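Below is one structure, written out as structure tokens; comments come after it.
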Amino acid sequence: MKTSRLFSRDTLQNTKKENLTFRERIAALSNLPLFLKMVWRTSPAMTLGNMLLRIARSATPLAMLYVGKLIIDNVVLLSKTPQHQNLTLLWELVALEFGLAIVSDLLNRLITLIDSLLGDLFSKHTSIRILEHAATLDLDQFEDSAFYDKLERARQQTVGRTILLSQVMSQVQDMITIIFLAAGLVVFNPWLILLLFIAILPSFLGESHFNDRSYALTRMQTPEKRELDYLRFLGASDETAKELKIFDLSGFVIERFSMLSDRFYAANKKLSIQRSAWGTAFALLGTAGYYGAYIMIILDTVSGKATIGELTFLAASFRQLRSLLEVILNRFTAVSQGAIYLRDFFEFFDIQPRITTALKPLPFPRPIQSGFTFEDVGFQYLNSERWANRHLNFTLMPGEKLALVGENGAGKTTLVKLLARLYDPTEGRILLDGVDLKAYDLADLRMNMGIIFQDYIRYQMSFSQNIAVGNIKEKENKALIASSAHQSMADLLAAKLPDQYEQMLGKRFAQGVELSGGEWQKIALARAYMKDAQLLILDEPTAALDARAEYEVFERFSELTKGKSAVLISHRFSTVRMADRILVLEKGELAEIGSHEELLLKKGKYADLFNLQAMGYR
């Protein structure tokens, strides 16, 4: 009950904050020109063709109604003079109406076809733009929940933007049709236009109000909807199935999913009921307005001011105008709502990376001369008061093997991310050969670094593709892939698989084979050898390997990295002691640095950690 009350209060506060005025909806339409420019760039030919077809289609209702009027008047005339009947004109008018009906249907089908094709192309175009822009953004931006909400809203609108495209086009078409029909009404009775607007205005204002509330509710629910999607994944995934079963977590996940779903249902139900009740009342007003106009037309016909044909023409024109105006005004709310969502879409593209290549970047030095130097480097994560790293001062020499040691959360992985410029220091600077790392070409810098993190991805792709991701430009270089596999000893695994290097890995797709943790780790290690990198960074690279396999991997690693710099993160001191120097981190700061023997003699933090681990083997 307490949670429910809190949600209701938060919902109310957020809804008030997100409610939009009519002026704001009008202002949101300023997003449409850029949107339409994106549509035009997707396919100029299809966009132009769509517009021309819609203009032609917008003229057919008035033409058909007027031909229908002529037919009825002609029939009435012929019925009064049966002895002098000439049916030629009548059949010509019927044939004309028949032709207009065929043309109208053909235009509708062509418009629907082009809408569908253009919508699919536009959805693909915008989705690719989202992926391309996301690829330019910084790692710490992906670690920010506010950024994720914007990214999620941008993703969700892929289908919404396709619908908006059709809505905007239909809006223009219906407005042209209204101009034609209104011109016909004005000629016969201008007062009908005024009555028409009075009849539909309440309905428009009501729909506008409830669309605003719907937008506010949807925007407010974005973070929790992401949680709902995560719970769906958690409850039905091969990656989580074993832990859900062993810890009996299914009930917990289902309960949490049900609770969130009930919240959404309750909020949406309340809004839907209110919308339906008011919509019914406004529809009654609209119907009353229509029949008021119908009575006026009938009276004019009875008094002889209008013919039977004009009666049917005016009644049908008014009915179509009323229907079209309701659609336009209601669609205006939907279009303005879509334009507001476009604000979310464009806001995502307004997010710019802070880590960028300098205007005149330097090429990565080959070979490295004096190494990487940390000068009082500190890093603080966004929205965090704690420093992940602070006051780091050391140099990674050319060709040196440096091991990072420290307890979990000591800042080891953050340090190597700074080295690879996945993050920029919050304070201090990192130099490469005496020049700030920011001065070098970013792509060249990362091409010269081979990095494997402990949370590497197990791609549901082929064996060779899983290795090629280490240097995707060489995905067709079978010799390089085989060489990289040999260096990490993954080639022995490939030889055992039915399709060898073309074997699909993982169970997500047909014929896929699941591997053990140690086997996956050898594949991940092979990625580091796909580049001719001058610096190799391995973050817990052998955590899933047994002692013998670990020893063999590092023996080979030492041979393969001769003349190259390397940074190793490991909790196994049998691995660490193979490094030239060991850097000990404590609470993000440099506690000690030196060789294995030097640090043991100091009897400091490293010696304590080493002796604690050694005790486990005695």
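Every number here is computed from the coordinates shown, using simple stated rules; none is lab data. No experiment lies behind these values; they were computed from the predicted model shown. Note: ideal-geometry Cβ built from the backbone for every residue, glycine included; neighbour counts use all protein chains shown.
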Legend entry - Three-way shape label, the stretch 334-457, alpha-carbon gyration tensor, a/c 1.5: prolate
Inset, instruction - Order the peptides 567-578, 111-122 from the highest to the lowest mean number of other Cβ atoms within 10 Å of their residues. - result: 567-578, 111-122
Inset, instruction - Given a cut-off of 29 Å, name the pairs among Lys124/Lys360; Lys473/Lys564; Lys360/Lys473 whose C-alpha atoms lie farther apart than that in the structure shown. - result: Lys124/Lys360
Inset, instruction - Could you state the angle between the C-alpha long axis of helix 250-302 and the longest principal axis of the C-alpha atoms of the chain, as a value from 0 to 90 degrees rounded to the nearest 10? - result: 20 degrees
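Can you tell me the order of 421-429, 131-139 when each peptide is scored by its average per-residue count of other Cβ atoms within 10 angstrom, highest first? It would help to have the intermediate numbers written out before the result.
Values: 421-429: 17.3, 131-139: 13.4.
Top of the packing list down: 421-429, 131-139.
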Legend entry - For the stretch 171-187 versus the stretch 327-386, the gap between their alpha-carbon centres in whole angstrom: 47 Å
Inset, instruction - Give the label of the value calculated from the structure for P(r) over Cα pairs in 10 Å bins from 0, in percent, choosing from (i) 3, 14, 20, 19, 14, 11, 9, 6, 3, 1, 0; (ii) 3, 11, 16, 18, 16, 12, 9, 7, 5, 3, 1, 0, 0; (iii) 3, 17, 27, 25, 16, 8, 3, 0. - result: (ii)
Inset, instruction - Calculate how steeply helix 145-188 sits against the longest principal axis of the alpha-carbon atoms of the chain, using the helix alpha-carbon long axis, and give the answer as 0 to 90 degrees to the nearest 10. - result: 10 degrees
Inset, instruction - Could you tell me how many degrees, from 0 to 90 and to the nearest 10, lie between the Cα long axis of helix 44-80 and the main elongation axis, the longest principal axis, of the Cα atoms of the chain? - result: 20 degrees
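May I ask you to order 494-501, 333-340 by the average number of other C-beta atoms within 10 Å around their residues, highest value first? The partial results should precede the final answer.
Numbers: 494-501: 14.2, 333-340: 21.5.
In descending order of packing, they fall as 333-340, 494-501.
222 nm [θ] for the chain, helices only, -39500 (n - 2.57) per DSSP H run of 4+, per residue, to 500? Intermediate results must be reported in sequence, preceding the final value.
Numbers: 22 runs with 400 residues, N = 618.
The helix contribution divided over the chain gives -22000 deg cm²/dmol.
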Inset, instruction - Taking a cut-off of 18 Å between Cα atoms, list the aspartates and glutamates near Lys37, but don't count ones fewer than 8 places away on the same chain. - result: Asp115, Asp120, Asp344, Glu347, Asp350
